[in-house]
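Reviewing the structure listed below.
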Amino acid sequence: MILVDNHTDILEQILQRVNNGLRLHNNKYPGLLDGQLGILLYKATIAHTYKNTVLQKEVETAFEEVLNNAFEDPFTVVSGFGLNRGILGLLQLRQLMIEYDFYISDEFSFVEFDEYVFEWTVNMFNEKNLDYLHGAFGAVNYFICSGQAETALKFVPYIYNCIENKFIQSITVNHQRGVLDTSLVHGQAGFLLVMLRLIQADPQNTQLRDVSRALIYTLINTSSGSDDDEKNKTLFPRYILPDGSFDYTPKYAWCIGDLGITYMLFKAVEVLKDDFIYEFAVKIAPVISNKSFGMNDKRNNSFFCHGTAGVIHMYEHLYEISKLEIFKEKSSFWLEVLITELNELDPDYFDSSILNGNIGIGLVLNDLINSDRKSLWSNNIFLV
């Protein structure tokens, strides 16, 4: 990307600011995405990218200490089971380190952890707590990423049992039963991305293909219209309410909103080879991109989950999967915005959270600077 080339020095300076901040700040919270395990994920990614053997050894030693604590009492390093702060985050960090070819002692057996997660996931499906970040689909994705596709496929009947009125019925975070969320982290887009991975694990499963396609078609039908140029509402609804009405309240982020749904559609094209989905996805590409210019105030900050860094990350991956130039243009636009925002940020401010702090920005910038490398942390943990 030309813009990244022009700003490489600036991006490296910002990345160095993140690295310096880590030397001065600690994170007392448990878990991966908001806690201390996220620091290890970030350091492991930097060590892997730059072949920094000293930093790699530091990460390996620190992770061994984490595992010692976890095997004594898991809840000293995690909180609950979910991906955000729970055991799933610890297991996904371990899987990432395996893929980075980092050393992990043979004395640690994770079979018992996997059994606990399996039982928990069954309970989550029975309770219809399917949320990717906090519930069942985060666990299904973990089993896929860790090479346990046969285990992941055991949950397909549970998924079918959660389908009603052409949607996957789930208890949405902070909402009562009956409110359907469409987002990547809490709702339909995330569920469908995991289902597409299940199809890749079992390509001969025609029922799973047909069910997934039908669910995607239903979600497409909730669109407010590809010709709608209103900038004060999203293309897809944020929520589907119990009375069947749609809530198009604007939100523009990695976690929720049009970007995640659009990425899911292009992934569906790749997996299902569906012409209708392809034509629709290409048609809406300029629509969601043009809406972005009127929605600066709908982001919360510069960070990953609700902020500019996450928007850049989504546009980068939308371009990667679609090769549509408009997504590259929007990534460049938001990179300019991010650089301005970070130059205005208090240089002494530091938050070591991936979702809501400097670590997440660092991961995104590292990917931009090293765009020739596959983003394993994003694929395994963030579904893109």
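The values are calculated or read from the model by the stated rules, or taken from the named source; none is laboratory data. These numbers were taken from a predicted model, which means no experiment stands behind them. In this analysis, Cβ positions are derived from the backbone assuming ideal geometry, glycine residues included, and neighbour counts consider all displayed protein chains. Accessible surface areas use protein heavy atoms only, side chains included; no ligands, DNA or RNA. Shrake-Rupley method; radii C 1.70, N 1.55, O 1.52, S 1.80 Å.
General observations
- Residue match in the stretch 237-260 (condition: modelled with pLDDT of 95 or more, farther than 22 Å from GLU325 by Cβ and open to solvent by less than 50 Å² (accessible area, probe 1.4 Å)): no
- Those residues of the stretch 49-72 which are surrounded by fewer than 14 Cβ atoms within 10 Å (Cβ to Cβ), charged (D, E, K, R) and assigned to a helix (DSSP H, G or I), in sequence order: LYS57, GLU65, GLU72
- Residue check for VAL384: open to solvent by less than 10 Å² (accessible area, probe 1.4 Å) and in contact with a strand residue (DSSP E or B) (Cβ under 7 Å, 6 or more places away or on another chain): no
- Qualifying residue in the stretch 246-256 (condition: assigned to a helix (DSSP H, G or I) and farther than 28 Å from GLN36 by Cα): no
- Summed over the stretch 338-378, the residues that are part of a helix (DSSP H, G or I) and either basic (Lys, Arg) or open to solvent by less than 50 Å² (accessible area, probe 1.4 Å) (or both) give a count of 19.
- When we screen ASN129, ASN123, ASN165 for residues that are polar (S, T, N, Q) and at pLDDT 95 or above, the only hit is ASN123.
- Being assigned to a helix (DSSP H, G or I) and either at pLDDT 95 or above or open to solvent by 70 Å² or more (accessible area, probe 1.4 Å) (or both) holds for only one residue in PHE75, PHE102, PHE113, and it is PHE75.
- Test: ASN129 is over 20 Å from the mean Cα position of the chain (by Cα) and open to solvent by 30 Å² or more (accessible area, probe 1.4 Å): no
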